């Protein structure tokens, strides 16, 4: 199908499956591997678009379900789409809206036609079809849009998983057929198939035939065993075409980003860094700090010494402790740091791949974050072993 | 370090243009042209604004910080910080004014005694003595602090209570003045009693204070009534020292306060309006063709659904970050979605607008057009009572 992006691999790791790419989208370049922060309702949790630009954020997410409720499809179209609405001139990605239906709403029911749900506004029964999702996403106008998929929990087993996989393929066809702006918006397919290797293979085989501009690995990060998770990711990057960007949905913990990049994933999104900030947690290369804790009341160090974000340059942990969860500024400062951390981590990953020292970067990263061999998560050890990396003791 | 106040211009009435000069060291001095405002802070930050967003409001040169917000934990961790309060709060380029109680949320907590004032912290009521206050100030090293005051928060205090408040406040002022190194503003009391207000003003004026603090909270309802009450104090102050007043926040309050010779105000009102979802649109530079028979609005309420598809900025022509980048429709959406960027953008605009309002006041005094403009202002806006703001606290996701 038509594509509104170009994708060029600039460097490959000589040990792992990692790669650095230049993705060019209608609203500018994106360096991959990339972490995309989530601005659910057309705003990234208290940060201005200027602050995001200064953090060198090249792409963020908006959620179709939320924007569909408010300001609503008609209005966002009248106002010229989501970029204009929020004054964000860089790239946007929207999801299909289906995941929120299933995760947020109690009364969601999935039929061949689409996802049936009870409107949170007036309680009436509504239906989100692949056609409706495309129409909404065409109105919002993001640079990358996602197909509506049949999402089942990654803990589900049995025939429902296979049904969902086949239905996702049928819905992809309906999305392709109803997508009105393929010349400015890139539709990504979402690989389903649960934790079943054969179903995943089948799904990839069918979806690759549709030749969408990029592919997402869906149906993971739902509480499944991490040791299974990485195997599905690795299988997907092996089977998907090397010429297309691969997006692993809902991944955002630092160690997951590092491991999945080694497995060949190019794009990620997660609400974790911004959500955890609102609870007063700052992310660092040595783990998370809960700045609400009184142990930081007299800690006059910055959150991270070598971090060059505004928060770390100007304020101490003690100052942020005073504000965490009490003043919105406390939340803004931690959010700023956390987004900065994620983007900085991705930049270090890219630099390491470009310099072809990604393996030693990974070894250092794990040692700093977990302190040593005894604390390494076994799934990560296994995943890295599969791409020829042994962690340091 | 030195602090001086010069009157650049005075008129036959009490109207005045002044300049507060703070020389911190050889490299740094801060000039504060008056009339002006001190940015209100909560727990040492200007509400909703990270430092880059605060810096985008170029006319803010001074902040007012409140001890009440810092001493919930004992000993206060901020007192252990080695670099002083400017550095701790990242206010190194600003004049920092300290007071004991929160001027925006002044409320009765418990009684005061000859020894201490009761204050409210997020961990409950604490007592502060004149000595402990001075001790904190010597650690924090603000540029100016207001002396400890026995502020009356009862609605109908007895004369005995008012007299006691004047006596205690003077006694604590003497104690503060015996401490050297930091400039002290004397706090005027006397509540609603004319004679006691005069006594407080005269006694404070005799002392070696750098300026005066007046409190317009708890006084009458309308701007004129409040200013008249303060006037009985102002008439007995020397013209050569700056006067700061709390509780005068609306544009009417400011215009009337400036007319009576008040030099400094705080910005608690702009925070209150921001939290209520309002944006300032009032102006002192009114065009003559405005229909003065129709009362104009001073603010717009962004919760109003009429703004849902309004692609204008909050105020056409405004140079603030919000107006240069965002629409009313977007801010209306952010409020409805309970998104924190709503108050970031509103606070940015409101403070920008508020500080610019002071600038136009200074310019009009300089050009001898202040009274003419003030008259036009009251004609166009009427004497609005403080608008009932929607008292909904924004709940963030």
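The values are calculated or read from the model by the stated rules, or taken from the named source; none is laboratory data. What you see is a predicted model; the values in this text were computed from it and never measured. Positions of Cβ are backbone-derived with ideal geometry, glycine not excepted, and every protein chain shown enters the neighbour counts.
Some values worked out for this structure:
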| item | result |
| --- | --- |
| Which listed residue is more than 11 Å from chain A (Cβ to nearest Cβ), over 21 Å from residue A:51 (Cα atoms) and crowded, with 19+ Cβ neighbours inside 10 Å, from B:312, B:298 | B:298 |
| Count - residues of segment A:91-105 that are within 14 Å of chain B (Cβ to nearest Cβ) and touching a residue at least 60 places away in the same chain (Cβ under 8 Å) | 0 |
| So residue A:390, is it out of contact with any strand residue (DSSP E or B) (no Cβ under 8 Å at 6 or more places or on another chain) and not in a helix (DSSP H, G or I) | yes |
| Criterion violated by residue A:323 - all others in (1) free of Cβ contacts under 8 Å to residues at least 12 places away in the same chain; (2) surrounded by fewer than 21 Cβ atoms within 10 Å (Cβ to Cβ) satisfied | (2) |
| Failed condition for residue B:241, given (1) crowded, with 22+ Cβ neighbours inside 10 Å; (2) at pLDDT 95 or above; (3) in the same structural domain as residue B:58 (by TED's automatic domain parsing) | (1) |
| Selection count, segment B:174-216, where residues are closer than 28 Å to residue B:252 by Cβ and surrounded by fewer than 18 Cβ atoms within 10 Å (Cβ to Cβ) | 5 |
| Residue within segment A:327-347 that is at pLDDT below 95, over 21 Å from residue A:275 (Cβ atoms), over 26 Å from the mean Cα position of the chain (by Cα) and within 14 Å of chain B (Cβ to nearest Cβ) present | no |
| Sole residue being modelled with pLDDT of 95 or more and either buried (at least 24 other Cβ atoms within 10 Å of the Cβ) or under 14 Å from residue A:137 (Cα atoms) (or both), chosen from A:43, A:49 | A:43 |
| Scope segment A:130-180; condition touching a strand residue (DSSP E or B) at 6+ places or on another chain (Cβ under 8 Å) and over 16 Å from residue A:115 (Cβ atoms); matching residues | A:138, A:140, A:141, A:142, A:143, A:144, A:145, A:176, A:179 |
| Test result for residue B:163, part of a loop (DSSP other than H, G, I, E, B), in contact (Cβ under 8 Å) with a residue 12 or more places away in the chain and away from every other protein chain (no Cβ under 14 Å) | no |
| Residue match in segment B:216-229 (condition: part of a loop (DSSP other than H, G, I, E, B) and either more than 30 Å from residue B:279 (Cα to Cα) or modelled with pLDDT of 95 or more (or both)) | no |
| Enumeration of residues in segment A:106-141 that are part of a loop (DSSP other than H, G, I, E, B) and either closer than 19 Å to residue A:62 by Cβ or in contact with a helix residue (DSSP H, G or I) (Cβ under 8 Å, 6 or more places away or on another chain) (or both) | A:108, A:112, A:114, A:120, A:121, A:129, A:141 |
| Check on residue A:356, away from every other protein chain (no Cβ under 13 Å) and surrounded by fewer than 23 Cβ atoms within 10 Å (Cβ to Cβ) | yes |
| Matching residues, segment A:298-309, being touching a residue at least 40 places away in the same chain (Cβ under 8 Å) and facing chain B (nearest Cβ under 9 Å) | none |
| Within segment B:326-367, considering residues that are free of Cβ contacts under 8 Å to residues at least 40 places away in the same chain and surrounded by fewer than 22 Cβ atoms within 10 Å (Cβ to Cβ), the one farthest from residue B:287 (Cα to Cα) | B:336 |
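Listed here are the residues, each with its yes/no results for (1) crowded, with 16+ Cβ neighbours inside 10 Å; (2) modelled with pLDDT of 95 or more; (3) farther than 25 Å from residue B:365 by Cα.
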{"position": "B:32", "(1), (2), (3)": "yes, yes, no"}
{"position": "B:42", "(1), (2), (3)": "yes, no, yes"}
{"position": "B:56", "(1), (2), (3)": "yes, yes, yes"}
{"position": "B:61", "(1), (2), (3)": "yes, yes, no"}
{"position": "B:70", "(1), (2), (3)": "yes, no, yes"}
{"position": "B:81", "(1), (2), (3)": "yes, no, yes"}
{"position": "B:90", "(1), (2), (3)": "yes, yes, yes"}
